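Take a look at the structure below.
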């Protein structure tokens, strides 16, 4: 089941995000020293509380029947009928079961209902498997940008809704 999260869900969502993104950090050699702004190291309960209460953002989680959160995403609504997908993730032990695709479909549906015409995402460009997965879901690669504070290149994709 996918649900919109509440304030009480934030600590569990933080753990899901960190546990999910640390696998990428490990695969590509990112650490708190060389990539302190990477999601696995930068996400915190305070940050998510702020986003929930102050940003124009929807946060959603994939839950097991027990209520345990095993996946997460957020949508940041923008003024130009666009939205940005952030932190789509699934706990490693639940990957390859269609949960990520279900979360993505849910994000598309919610974005359309809010009047969004385009959804965008930023990824680790060097993560070719992830890029291909997003392209298989209909996203188009639109460019890259290198930031001094990341040991990787940021890749950007978008999809019309």
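Quick notes on this structure:
- Of the criteria (1) within 22 Å of residue 23 (Cβ to Cβ); (2) touching a helix residue (DSSP H, G or I) at 6+ places or on another chain (Cβ under 7 Å), which one residue 161 fails: (1)
- Residue 54 satisfies every condition listed in (1) at pLDDT 95 or above; (2) more than 20 Å from residue 154 (Cβ to Cβ) except (1).
- Any helices (runs of 4 or more DSSP H) falling wholly within region 28-122 and containing at least 3 residues that are surrounded by fewer than 17 Cβ atoms within 10 Å (Cβ to Cβ) and either without any contact (Cβ under 8 Å) to a residue 60 or more places away in the chain or within 16 Å of the chain's Cα centre (by Cα) (or both): 45-54, 99-113
- Count of residues meeting criterion [in contact with a helix residue (DSSP H, G or I) (Cβ under 9 Å, 6 or more places away or on another chain), free of Cβ contacts under 8 Å to residues at least 60 places away in the same chain, assigned to a helix (DSSP H, G or I) and surrounded by fewer than 18 Cβ atoms within 10 Å (Cβ to Cβ)] in region 1-25: 4
- Count of region 135-150 residues which are out of contact with any helix residue (DSSP H, G or I) (no Cβ under 8 Å at 6 or more places or on another chain), in a loop (DSSP other than H, G, I, E, B) and surrounded by 13 or more Cβ atoms within 10 Å (Cβ to Cβ): 3
The values are calculated or read from the model by the stated rules, or taken from the named source; none is laboratory data. Keep in mind that what you see is a predicted model, and the values were worked out from it rather than measured. Cβ coordinates were reconstructed from backbone atoms using ideal geometry, including for glycine residues, and neighbour counts include every protein chain displayed.
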